[in-house]
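This report refers to the structure that appears directly beneath it.
The values are calculated or read from the model by the stated rules, or taken from the named source; none is laboratory data. Predicted, not measured: the structure shown is a model, and the values here were computed from it. Reconstructed Cβ throughout: ideal geometry from the backbone, glycine too, with neighbour counts over all protein chains shown. Calculation scope for accessible area: heavy atoms of the full protein, side chains included, ligands and nucleic acids excluded. Shrake-Rupley method; radii C 1.70, N 1.55, O 1.52, S 1.80 Å.
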Amino acid sequence: MSLVSLAHVCSHLQNASKARLGLTSIPSTNLHLTLAHALQKQGFLSSVTRAGPTPPAPEMIADPSSSPEAEVTQANIASRRLWLGLKYWNNEPVLRKMWMVSKPTKRIWLNHHDLGVIVRGREAG
C-alpha cells in the first residue's frame with residue numbers, strides 16, 4: 001500500500017507543478033514527510049509545513065518555528081496535511097516530471113544524495 005500512496009503523491013506533485021500552483025497539500029504521514037524533506041533538501045520544494053486542512057498562514061510557511069504547531073489529537077489526526085511550496089525557475093517548474101522507479105518486484109532504495117544525482121542526469125550506485 002505504501003508504494004501506491006507514494007505513486008499518488010508523485011502524480012499529485014507533477015500535476016500541481018504543471019498547474020503552476022505555489023502551494024499544494026498531501027496527506028500527512030511519516031513516509032510522505034520523509035519524501036518531502038528529501039525533495040526540499042535537494043532543492044525541488046521551497047517549504048514543507050505540517051498543518052490542518054486549510055493552508056497555513058504565510059508567516060508560518062516562511063518560518064515554521066515562529067508559530068507553534070497545534071497539538072495532534074485523535075480528533076484532528078485524520079485531517080492533518082503536509083503543505084508543500086513548489087519552486088519555479090525562469091517561469092518553469094523546478095519539479096517537472098516525477099514517477100516511481102521502484103516497483104513491487106524490483107525495490108530500489110536511494111538516499112537524498114543519490115536522488116539528487118539521478119535527477120541531475122548522472123547515475124547513482
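Structural remarks
- Candidates S2, S79 - the one that is at pLDDT below 90, closer than 30 Å to R120 by Cβ and among the small types (G, A, S): S2
- Which numbered condition R20 misses (of (1) on the phi > 0 side of the Ramachandran plot; (2) part of a helix (DSSP H, G or I)): (2)
- Only one of the listed residues (H12, H32) is in a helix (DSSP H, G or I), in contact with a helix residue (DSSP H, G or I) (Cβ under 9 Å, 6 or more places away or on another chain) and of a type outside the set (A, V, I, L, M). That residue is H32.
- Identity of the residue in the range 84-105, modelled with pLDDT of 75 or more and not in a loop (DSSP other than H, G, I, E, B), that ends up most open to solvent (accessible area, probe 1.4 Å): W89
- Residue ID - most open to solvent (accessible area, probe 1.4 Å), chosen from residues in the range 12-48 that are closer than 22 Å to E92 by Cβ, within 11 Å of the chain's Cα centre (by Cα) and hydroxyl-bearing (S, T, Y): S46
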